[in-house]
Structures are given as C-alpha cells and as structure tokens.
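Notes for the one structure printed next.
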Amino acid sequence: GHKNLNAKLVLLGDMGTGKSSLVLRFVKGQFLEFQESTIGAAFFSQTLAVNDATVKFEIWDTAGQERYHSLAPMYYRGAAAAIIVYDITSTESFTRAKKWVQELQKQGNPNMVVALAGNKADLEDKRKVTVEEARVYAEENGLFFTETSAKTAANVNDIFYEIAKKLPRA
Ligand code: GTP
Ligand code: MG
C-alpha cells in the first residue's frame, strides 16, 4: 500500500559548491546568482511523491566553510540520506567530497543512501573534473551519482527522486 515516510537528508560539501542553491532549486524552484554563504546550517522541508510513497524530506543544508566542519556530525547523525556536492570546475572540491564520503563511511548510519552531485554542470567550458572519474569513484563506493545544475535545474529534482526511491520502506 501507500506509505508516508519522513526522511532526514543532509547536504555536505565544500563551500561554494552550490548546496544551498540545490536546495533552493528543489524547494522553491528558484536560483540566485549571489546566494549567501551558509552560517552553521539551514533547515528546509519538501514533500515528494514516488510510486508507492510520499516522502517528506527534512533537509539540513550545512555550511561548507572549514570552521563549521565540527558541527557536521550533528546533522548527518541519524540521517537517512546524504547528498555530497562538489563543483565540476574545482578539483579541490572533488577531493573534499571524497573526504566527506570517507567520513560518512566511518561515522555515518550504515544504511544511509548517499548521492554524489557534480554541480555547476552548466559551466562546461570551466570543467576540471571529468564525468568519467566521478562515475568510476561513485561506482567503487556504492554512491548514486549525477551531475546537476542548480542554475538550469538539470537533474536537481531527479537526485531527490532517486534518493526517495532508494530509501528503505519501513
Ligand atoms: P556554503 O554555504 O558556503 O557552503 O556554499 P554552498 O555550497 O551553499 O554554495 P551556494 O549555493 O551558496 O552557491 C555558491 C555560488 O555558486 C553562488 O553564487 C551560486 O549562485 C553559484 N551556483 C550554485 N549552483 C550553481 C550552478 O549550478 N551553476 C552556476 N553557474 N552557479 C551556481
Ligand atoms: Mg550554503
């Protein structure tokens, strides 16, 4: 039958990769060229209907600045899902994303659905991280992977939809 699920979801990733922009796109259908850097974390919720269920995402959009790193466990602890975001124009942000994957593998909920998002896919001419290296990395680590653009909306709803489909049906 039809199920109603609540799912805590956390976004992690380097500062400026577009975590807040992805959430703003998903929750409000908007994009800001001058999105402000997040202080601490911000909370949003959004409901999504998948085949057999209605999933209410309780979204924690964390701050990517290094000085907030120690707060992250408060947000990923008990989370059913995580989206780790990097910027396809920054190899440094991809390295940071891999560190988040390791941290979740060590400290996170073992059943967590983890997605890797290569954001700013609209900036193809500035690309530094190839689709192939990210895909291989994601496969090796059992992550769902897609490139996204909060600016054009490409694949943004899809990533939340794919997560919703993978959540355990309690
Ligand atoms: P912190 O809160 O500091 O961790 O950053 P963040 O990951 O939340 O990044 P944020 O959403 O604030 O975006 C940073 C900048 O990148 C903003 O100026 C956004 O407008 C821009 N941006 C975000 N997503 C995209 C995208 O898909 N394409 C392009 N071209 N710019 C983007
Ligand atoms: Mg932010």
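Looking for something within 11 Å of ligand 1 (Cβ to nearest atom) and of a type in the set (Lys, Arg) - is there at least one such residue anywhere in the stretch 14-23?
Residues of the stretch 14-23 that are within 11 Å of ligand 1 (Cβ to nearest atom), as a first pass: 14-23.
Those still in the list that are of a type in the set (Lys, Arg) too: 19.
Scanning the stretch 14-23, I find at least one residue that is within 11 Å of ligand 1 (Cβ to nearest atom) and of a type in the set (Lys, Arg), so the answer is yes.
In the set (1) over 30 Å from Lys126 (Cα atoms); (2) in a helix (DSSP H, G or I); (3) touching a residue at least 40 places away in the same chain (Cβ under 8 Å), the condition left unmet by Leu71 is number (3). The residue of the stretch 28-58 that is farthest from ligand 2 (Cβ to nearest atom), among those that are touching a helix residue (DSSP H, G or I) at 6+ places or on another chain (Cβ under 6 Å) and of a type outside the set (A, V, I, L, M, F, W, C), is Gln46.
For the stretch 1-27, filtered to residues that are within 14 Å of ligand 2 (Cβ to nearest atom), under 16 Å from Gln46 (Cα atoms) and charged (D, E, K, R), the residue that is surrounded by the most Cβ atoms within 10 Å (Cβ to Cβ) is Lys19. Here Gln35 meets each of (1) within 11 Å of ligand 1 (Cβ to nearest atom); (2) crowded, with 24+ Cβ neighbours inside 10 Å; (3) not basic (Lys, Arg) with one exception, condition (2).
Conditions tested, residue by residue: (1) in contact with a Phe, Trp or Tyr (Cβ under 6 Å, 6 or more places away or on another chain); (2) outside any loop (DSSP other than H, G, I, E, B).
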{"residue": "Asn109", "(1), (2)": "no, no"}
{"residue": "Val114", "(1), (2)": "no, yes"}
{"residue": "Asp125", "(1), (2)": "no, yes"}
{"residue": "Val129", "(1), (2)": "yes, no"}
{"residue": "Glu139", "(1), (2)": "no, yes"}
{"residue": "Gly142", "(1), (2)": "no, no"}
{"residue": "Thr146", "(1), (2)": "no, yes"}
{"residue": "Ser149", "(1), (2)": "no, no"}
{"residue": "Ala154", "(1), (2)": "no, no"}
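The residues of the stretch 50-88 that are open to solvent by less than 30 Å² (accessible area, probe 1.4 Å) and either touching a His at 6+ places or on another chain (Cβ under 8 Å) or more than 15 Å from Leu11 (Cβ to Cβ) (or both), listed by number, are Val50, Ala53, Val55, Ile88.
The values are calculated or read from the model by the stated rules, or taken from the named source; none is laboratory data. This one's a predicted model, so the numbers in the text were calculated from it and none came from an experiment. Note: ideal-geometry Cβ built from the backbone for every residue, glycine included; neighbour counts use all protein chains shown. All accessible areas refer to the heavy atoms of the entire protein, side chains included, with ligands and DNA or RNA removed. Shrake-Rupley method; radii C 1.70, N 1.55, O 1.52, S 1.80 Å.
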